[in-house]
Amino acid sequence: MAPKQTPRGAAKTNTESEACPEGDAVQMEPRKRKRAAPAEKPQDQKKQKSGRSSGTTFSHWLMKSEPESRIENGVDVKFGIEDLKALPNQTSCWDGVRNYQARNFMRDMKVGQQAFFYHSNCKEPGIAGIIKIVKEAYVDHTQFDKKGLYYDPSSKPENPKWSMVDVKFERMTKRFIPLAELKKYHLQHKSNGGPLSNMAQFTRARLSVQPLTAEEFDFVLSLEDTDAI
């Protein structure tokens, strides 16, 4: 018996409409995106602040998803950058995030900001491409789907806990930038004060949505024009 797939809403045709509309339209296409990291305990998450340091404003992001098939409760949670590219208008909602800090970061996102699409929980994790925020945070309807993977019985329609954004494929990076390479630079930069010394991937690795400073984003992007170390 083939594994079930959770529903994905029809992708947006413009930035004014939702990529994952609520109601019957949600059943139109298969949804397969899954957050990369397990959720933390709610009582711990609520204590966490949105920014990595007080008063910090971020305009770049790293967003994780799983590019390889993995069955959870009969559902294939696979959703890599190629899956995003294959959707109408190459656009999708980024739903299913159930971590308060990751949710808060999504609520900070603005239209036009860029994020790295990071492949996680796979043979070779790392950065595969660049996506763009095309719709700011709105209610994640999957929290109310009793048959879905992301149902949260404690969340109520009149006071929803969880949000999502819409993202659009922008381009692949010129080469895949693996986690192992990023880690080498992180360790170097911890010693010499380089731009990746405090990168969230190595200080808050479990978060599936992470902020990047402009310096971090620019440095990582520059790696696509260099040979891997």
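Tabulated results
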item: Whole-Hz ³J(HN,Hα) from phi, Karplus 6.51 cos²θ - 1.76 cosθ + 1.60, for region 165-182, glycine and proline x; result: 10, 9, 10, 10, 4, 10, 5, 6, 5, 4, 8, 5, 10, x, 4, 4, 6, 4
item: Relative contact order (%) - criterion: Cα under 8 Å, at least six apart; region: region 98-229; result: 24
item: Top positive-direction residue, dipole computed over region 147-229 with Cβ charges, set Ile229, Thr203, His189; result: Thr203
item: Cα gyration tensor shape for region 78-206, rounded if a/c is under 1.5, else prolate or oblate; result: prolate
item: Segments 217-227, 141-151 sorted - mean Cβ within 10 Å per residue, highest first; result: 141-151, 217-227
item: Gap separating the Cα centres of region 126-170 and region 73-96, nearest whole Å; result: 12
item: Amide H contacts of Glu170 (H built 1.01 Å from N, under 5 Å, at least 5 apart or other chain); result: Ile130, Ile131, Lys132
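Taken together, the values in this text are just the output of simple stated rules run on the coordinates, not laboratory data. This one's a predicted model, so the numbers in the text were calculated from it and none came from an experiment. A quick note on method: Cβ atoms are made from the backbone with ideal geometry, for glycine too, and the neighbour counts reach across all protein chains shown.
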